[in-house]
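The next block holds one structure in the form of structure tokens; read it before the comments.
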Ligand code: SAH
């Protein structure tokens, strides 16, 4: 029993010092999350709670270390220790299960992968002006193409599908597409967003546009209706499919500097049918000190995408204006990704 002999009230400065000390340790939570995702701990808890000893045996881990990792995560509602000392799944931990609908496991592995981890850990290099390309000899997308699928089963494309899928339903239910329209998902990766939109809007036609090696791996077959979609391999800096009514750009604009964004947006503007719309889907950075997931993602962009950034509403307005478009409205979807709708100017 620890005897509490010191109930001195902390000064403001002492409290602040401890606060900063704790902030400097925040990265430890991400590391612990990576460890349990790699070990597949959540999969072993589907049938019910288990002790650290049982989990260590199942995952070929050291019992004491695994216990300490789980004890930390339980302070953040990822796993919970019950009264008999066993660990059990919590609602957030359910998303780490490999078999969970749109599992976040590969998303967690990718966002904590050494290339992301290293970039964020030494972000000061980028802040001082070094680029991902200078450090790795190629840009971010070339890097992942070259690296392919890791031995732990993730690569950029399946991991980003897992990461980004957590927001898709918010986007799908907050935009009404007119019957019979054609929607292009520009840089649509494996097609999860388009799949959600086609499911909700049975009269829509969808075109998945991305790099050839990406669209070839698409998931659109899950719709069970091959007549309502097609794939279109290409380079959005050259051109995008013509004559569609909607051009969606989710997590695309945030990857690029203003000049590159204007090239992509102009290509959409030139291709779209009369009355067409561009739907940028990115976080919109709020004013002031408000916490926002977009401000975290923005840090990753400093490290990995030269010139990439999360933008404020005014910055979107200016980008659109330079691409012959006009910002029409910003739709708050209830998650950190908004729909920023633009029409021809
Ligand atoms: N829209 C998806 C993926 C965003 S990641 C989502 O929100 O989950 C950015 C996507 O842009 C990747 O799938 C990448 O393959 C694609 N991309 C990058 N450069 C491209 C280019 N020049 N032409 C077409 N697609 C490109």
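What follows is calculated from the coordinates using simple rules that are stated; it is not laboratory data. This one's a predicted model, so the numbers in the text were calculated from it and none came from an experiment. Here the Cβ is made from the backbone with ideal geometry for all residues, glycine too, and neighbour counts use every protein chain on show.
Counting only Cα atoms, I'd like the Rg/Rh figure for region 245-345, Kirkwood definition for Rh.
Numbers: Rg = 13.0 Å, Rh = 13.6 Å.
Using only Cα positions, Rg/Rh for region 245-345 is 0.96.
222 nm [θ] for the chain, helices only, -39500 (n - 2.57) per DSSP H run of 4+, per residue, to 500? Spell out each step's value before the answer.
Working: 17 runs with 150 residues, N = 345.
Computed mean residue ellipticity for the chain: -12000 deg cm²/dmol.
Rank the residues 117, 144 as a footprinting-exposure proxy: fewest other Cβ atoms within 10 Å of their Cβ go first. Don't jump to the answer; show the numbers that get you there.
Working: 117 16, 144 20.
Starting with the residue having the fewest Cβ neighbours, the order is 117, 144.
How large is the Kirkwood hydrodynamic radius of region 55-170, counting all unique pairs of alpha carbons, in Å? Could the numbers behind the result be given before it?
On the way: mean 1/r = 0.0604 Å⁻¹.
It is 16.6 Å.
Could you work out how far helix 27-39 tilts from the main Cα principal axis of the chain, as a 0 to 90 degree angle to the nearest 10?
Orientation of helix 27-39: about 90 degrees from the principal axis.
Enter the angle in degrees (range 0 to 90, nearest 10) between the Cα long axis of helix 156-172 and the first principal axis of the Cα atoms of the chain, meaning the one along which they spread out most.
70 degrees
Using every alpha carbon pair in region 12-108, what percent of pairs falls into each 5 Å bin from 0 up to the bin containing the largest distance?
2, 14, 23, 23, 15, 9, 6, 4, 2, 0
Under a GNM of the chain (C-alpha, springs under 10 Å), which listed residue has the highest mean-square fluctuation: 208, 223, 21?
21
Which values of log₁₀ I(q)/I(0), to two decimal places, follow from the Debye formula for region 198-240 at q = 0.16, 0.24, 0.33 Å⁻¹ with a uniform point scatterer at every Cα?
Here the Debye-derived log intensity ratios amount to -0.44, -0.83, -1.16.
Looking only at 266, 128, 228, which one moves most when the chain is put into a Gaussian network model with springs between Cα atoms under 10 Å?
The residue that fluctuates most here is 128.
If you rank 88, 310 by fewest surrounding Cβ atoms within 10 Å, what's the result? Write out the running numbers ahead of the final one.
Values: 88 14, 310 22.
With the fewest neighbours first, 88, 310 line up as 88, 310.
Which whole-number percent gives the relative contact order of region 39-82, counting Cα pairs below 8 Å spaced six or more residues apart?
Dividing the mean separation by the residue count of region 39-82 yields 25 percent.
Which of 334, 40, 294 moves the most in a Gaussian network model of the chain with Cα springs under 10 Å?
334
Please compute the contact order of the chain in relative form: average sequence separation of alpha-carbon pairs under 8 Å and at least six residues apart, divided by the residue count, as a percent.
Working: 556 pairs, mean separation 41.6, N = 345.
Answer for the chain is 12 percent.
By how many degrees, between 0 and 90 and to the nearest 10, does the Cα long axis of helix 258-271 differ from the longest principal axis of the chain?
Taking Cα atoms only, the helix is inclined about 50 degrees.
Relative contact order for region 32-163 using alpha-carbon pairs under 8 Å, separation at least 6, rounded to a whole percent? Each step should come with its number before you reach the end.
Values: 146 pairs, mean separation 29.7, N = 132.
Relative contact order here is 23 percent.
Where both residues lie in the chain, what percent of DSSP beta bridges are antiparallel, nearest 5? Don't skip to the answer; put the middle values down first.
Values: 15 of 34 bridges.
In the chain, approximately 45 percent of DSSP beta bridges are antiparallel ones.
Going by Cα centres, region 1-49 and region 71-148 are how many Å apart?
If you average the Cα positions of each part, the centres end up 17 Å apart.
Average projected area of the Cα convex hull of region 222-272, in nm²? Present the calculation step by step, with values, prior to reporting the outcome.
Working: hull surface 17.2 nm².
Answer in nm², one decimal: 4.3.
If you consider only alpha-carbon coordinates, what radius of gyration and Dmax does region 41-97 have, in Å?
10.0, 26
Report, to one decimal in Å, the Kirkwood hydrodynamic radius for region 161-318 based on all distinct Cα pairs. Don't skip to the end; give the middle numbers.
Working: mean 1/r = 0.0619 Å⁻¹.
For region 161-318, the Kirkwood estimate is 16.1 Å.
Once you have the Kirkwood Rh of region 256-315 from its Cα pairs, apply Stokes-Einstein at 10 °C and 1.306 mPa s and quote D in µm²/s.
Value of D from the Cα-based Kirkwood radius: 121 µm²/s.
Using only the alpha carbons, work out the radius of gyration and Dmax of the chain in angstrom.
Rg, Dmax (Cα atoms, Å): 22.6, 76.
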